[in-house]
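Engineer: I am attaching a structure below and will ask some questions about it afterwards.
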Amino acid sequence: MGDSSYLLGTHTEELERLRFQHELWLPAARAAWQRAGLAPGLRVLDVGAGPGFAAMDLARIVGPTGRVLGLELSDAYVAAGQAMARSDQLPQLELRQHHLLRDPWPAEGFDLAWCRWVAMFLPDLDPLITGLEHSLRLGGQLVLHEYVHWDSFGLHPGGRAIARFGQACQRSFREAGGDPDVNRRLPALLAARGWRIEALQPLPVAGDSHSMAGQWMQRFVEVYGARLQELALWNSGDAADASEEIAAAAADPGSFWVGPTLLEVRATRLAS
Ligand SMILES: C[S@@+](CC[C@H](N)C(=O)[O-])C[C@H]1O[C@@H](n2cnc3c(N)ncnc32)[C@H](O)[C@@H]1O
């Protein structure tokens, strides 16, 4: 499966955007992993690992007696992640090219599965849950960080072009077969298949233009705006309006960004 099948692309700007995004969200990820009992020696599956930024942090925590396997569609991201794992001397980390909906999942009895910003791109969630049931041991934990309320994305006050951008993003995700608010559905799907839902926790984010959160959202408008133009969901006039709003917000100490709200879901695999 070629890289082009991933909606956001795998070009260098997107890889660097993922690195920055991971830095912003790392404290929330670490807290979630801790709540799930992540510890040295555990075996962890990173589902849709991208270039492996979270997988590298997971590998540092499980240490040389543990194992982290990252499953990822893009060859380019797998190659980048394997190179980072080698240069950081993390032999416990493996990234593997894998299509989550088509390839057989590894049956290694993983203790923990981590899935962030991936289910939202999948047109079918059943193979994801079946794969997780195949790969996790009984009693193993799943931690999902996926969006639950994309409509909260905005630049305030008055970011009208940014509001249109948010709607265009959601439309692009839906037209590609995904669901921007996929975590509205995943807890019910897991519970119906006998998983125990342990915790549900919303993870909101906001900040002014100079904060990390604000920088993250501005960068997303730039990088994904170009893709939305290719998809004919955004045009150069929209992009110019958005740039004006972004410049005005940077000079206005009362202006702020709000991100799409994430939901942390923690669930335990019970006998199916
Ligand atoms: C927004 S990135 C998130 C990457 C990583 N989970 C993180 O938190 O930084 C989404 C990733 O999901 C991967 N992905 C999307 N659909 C996939 C599929 N069907 N099989 C495997 N990976 C997939 C993409 O290639 C991309 O690397």
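Engineer: Return yes or no: is Leu132 in contact with a strand residue (DSSP E or B) (Cβ under 7 Å, 6 or more places away or on another chain) and over 26 Å from Tyr224 (Cα atoms)?
Structural biologist: Yes, satisfied.
Engineer: Another question about this same structure. If a residue counts only when it is in contact (Cβ under 8 Å) with a residue 60 or more places away in the chain and in contact with a helix residue (DSSP H, G or I) (Cβ under 7 Å, 6 or more places away or on another chain), which helices (runs of 4 or more DSSP H) contained entirely in the range 46-159 have at least 2 such residues?
Structural biologist: 75-87, 126-135
Engineer: Examine the range 60-68 for a residue that is within 24 Å of Leu262 (Cα to Cα) and of a type in the set (S, T, N, Q), and state whether such a residue exists.
Structural biologist: Checked against the condition, which is being within 24 Å of Leu262 (Cα to Cα) and of a type in the set (S, T, N, Q), the range 60-68 yields no hits at all.
Engineer: Right, another one. Within 16 Å of the ligand (Cβ to nearest atom) and surrounded by fewer than 14 Cβ atoms within 10 Å (Cβ to Cβ) - does that describe any residue in the range 106-117?
Structural biologist: Within the range 106-117, not a single residue is within 16 Å of the ligand (Cβ to nearest atom) and surrounded by fewer than 14 Cβ atoms within 10 Å (Cβ to Cβ).
Engineer: Got at least one residue in the range 121-130 being more than 10 Å from the ligand (Cβ to nearest atom) and of a type in the set (A, V, I, L, M, F, W, C)?
Structural biologist: yes
Engineer: What do you reckon, is Gly37 more than 8 Å from the ligand (Cβ to nearest atom) and under 15 Å from the mean Cα position of the chain (by Cα)?
Structural biologist: When the stated conditions are applied, Gly37 does not pass them.
Engineer: Then there's this: Report, by residue number, each residue of the range 8-24 that is more than 13 Å from the chain's Cα centre (by Cα), modelled with pLDDT under 85 and either more than 8 Å from the ligand (Cβ to nearest atom) or part of a helix (DSSP H, G or I) (or both). Spell out how you get there, then give the answer.
Structural biologist: So the first thing to find is which residues in the range 8-24 are more than 13 Å from the chain's Cα centre (by Cα), and the list is 9-13, 16.
Right, trim to modelled with pLDDT under 85 and you get 9-13.
Within the range 8-24, Gly9, His11, Thr12, Glu13 qualify.
Engineer: Now a separate question. Would you confirm whether any residue within the range 68-91 is more than 14 Å from the ligand (Cβ to nearest atom), touching a Phe, Trp or Tyr at 6+ places or on another chain (Cβ under 9 Å) and open to solvent by 20 Å² or more (accessible area, probe 1.4 Å)?
Structural biologist: The answer is no; no qualifying residue exists.
Engineer: Any residue in the range 176-188 that is modelled with pLDDT under 95, at negative phi and not in a loop (DSSP other than H, G, I, E, B)?
Structural biologist: no
Engineer: Any chance the range 18-32 includes a residue that's open to solvent by less than 30 Å² (accessible area, probe 1.4 Å) and of a type in the set (S, T, N, Q)?
Structural biologist: The answer is yes; a qualifying residue exists.
Engineer: Quick check: anything in the range 164-187 over 28 Å from Glu230 (Cβ atoms) and open to solvent by less than 70 Å² (accessible area, probe 1.4 Å)?
Structural biologist: yes
The values are calculated or read from the model by the stated rules, or taken from the named source; none is laboratory data. What you are looking at is a predicted structure, and each value in this text was computed from that prediction instead of being measured. Don't worry about glycine lacking a Cβ; one is built from the backbone with ideal geometry, like all the others, and counts go over all protein chains shown. Ligands, DNA and RNA are stripped out before the accessible areas are found, and what is left, the full protein with its side chains, is counted by its heavy atoms. Shrake-Rupley method; radii C 1.70, N 1.55, O 1.52, S 1.80 Å.
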